[in-house]
Amino acid sequence: MPDSPIGSIIAYGGEIDRAWEDQNGWLRCDGRLLDNTLPDNVDLFNAIGFAWGGDGDTKFNVPDLQGFFLRGVDPSRPPPTWDTPLPWPVDPDRDERFPIRFGGNHGKRVGSAQIFATALPVGPRNWFITDVKGHHTHHMNFEIYATRDVNDQNNTVAHPSRLSDPNQWPQTENAGDHFHTIEKGGDHETRPTNAYVYWIIRARLIPL
């Protein structure tokens with residue numbers, strides 16, 4: 001930690017308060033707004049500028065990484081070859097990234113962010129699809145006892161044979177092989193197993 005350059009971001013596993021920050025020269029990445037004209041903030045501003053937000057003049061934001069996973073910037077790169085097998089690009093939505101705070105960077109630049117997303121699993125055997133039930137029909141559950149009065153506004157159709165066995169009820173037309181859309185289920189987000197830490201940024205050097 002003592003040799004980390006200004007603007008370095010690391011994970012910290014203890015509790016942090018302002019006294020700890022003042023003593024160590026690191027700030028919690030909580031998005032606070034700082035004045036770039038104050039001596040204690042000049043070096044940090046020179047390192048990160050308005051990448052994480054600010055007014056474009058004298059106020060700039062510390063990175064706000066509360067609840068965030070971090071991801072390496074994915075700049076332009078050539079298509080993959082036999083010795084560089086990574087896909088191109090690794091972050092396919094890099095141009096759609098947005099600033100976390102007003103005035104911050106967007107697109108494939110440090111300080112930009114993405115919301116959560118869920119892609120189809122890799123490989124056709126793992127796609128999100130329902131089971132195929134094949135050609136099938138469904139039972140038509142008519143009312144067993146119903147009126148046939150055509151003048152009755154609540155006229156219903158009675159079951160032709162009033163059978164109690166559903167397997168002998170009339171059937172719908174055959175719908176053939178088909179899938180169904182998955183619209184329900186899941187949690188609030190897609191995430192790996194994780195643990196909480198504080199992201200902290202090196203703001204100034206502490207004299208030895």
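Observations on the model:
- Residue in the range 123-140 that is surrounded by 10 or more Cβ atoms within 10 Å (Cβ to Cβ), in contact with a strand residue (DSSP E or B) (Cβ under 6 Å, 6 or more places away or on another chain) and modelled with pLDDT of 65 or more present: yes
- Entry remark, the range 7-28: residues being part of a strand (DSSP E or B) and either of a type in the set (Asp, Glu) or within 25 Å of the chain's Cα centre (by Cα) (or both) number 5 in total.
- Where a residue in the range 104-122 is modelled with pLDDT of 95 or more and its partner, wherever it lies, is among the hydroxyl-bearing types (Ser, Thr, Tyr), with Cβ under 7 Å and at least six apart: Asn105/Ser112; His106/Ser112
- Annotation: of all residues in the range 193-206 being in a loop (DSSP other than H, G, I, E, B) and in contact (Cβ under 8 Å) with a residue 40 or more places away in the chain, the one that is nearest to the chain's Cα centre (by Cα) is Asn194.
- Residues in the range 29-48 that are in a helix (DSSP H, G or I) and either touching a residue at least 24 places away in the same chain (Cβ under 8 Å) or not assigned by TED's automatic domain parsing to the domain that holds Asn61 (or both): Asp40, Asn41, Asp43, Leu44, Asn46, Ala47, Ile48.
- Restricting Leu44, Leu70, Leu33, Leu65 to those that are under 30 Å from His188 (Cβ atoms), surrounded by 13 or more Cβ atoms within 10 Å (Cβ to Cβ) and modelled with pLDDT of 95 or more reduces the list to Leu65.
- Positions within the range 50-66 being assigned to a loop (DSSP other than H, G, I, E, B) and more than 27 Å from Tyr196 (Cα to Cα), in sequence order: Asp55, Gly56, Asp57, Thr58
The values are calculated or read from the model by the stated rules, or taken from the named source; none is laboratory data. Every value quoted in this text rests on a predicted model; they were computed, and no experiment measured them. Cβ atoms come from the backbone with ideal geometry, glycine included; neighbour counts cover every protein chain shown.
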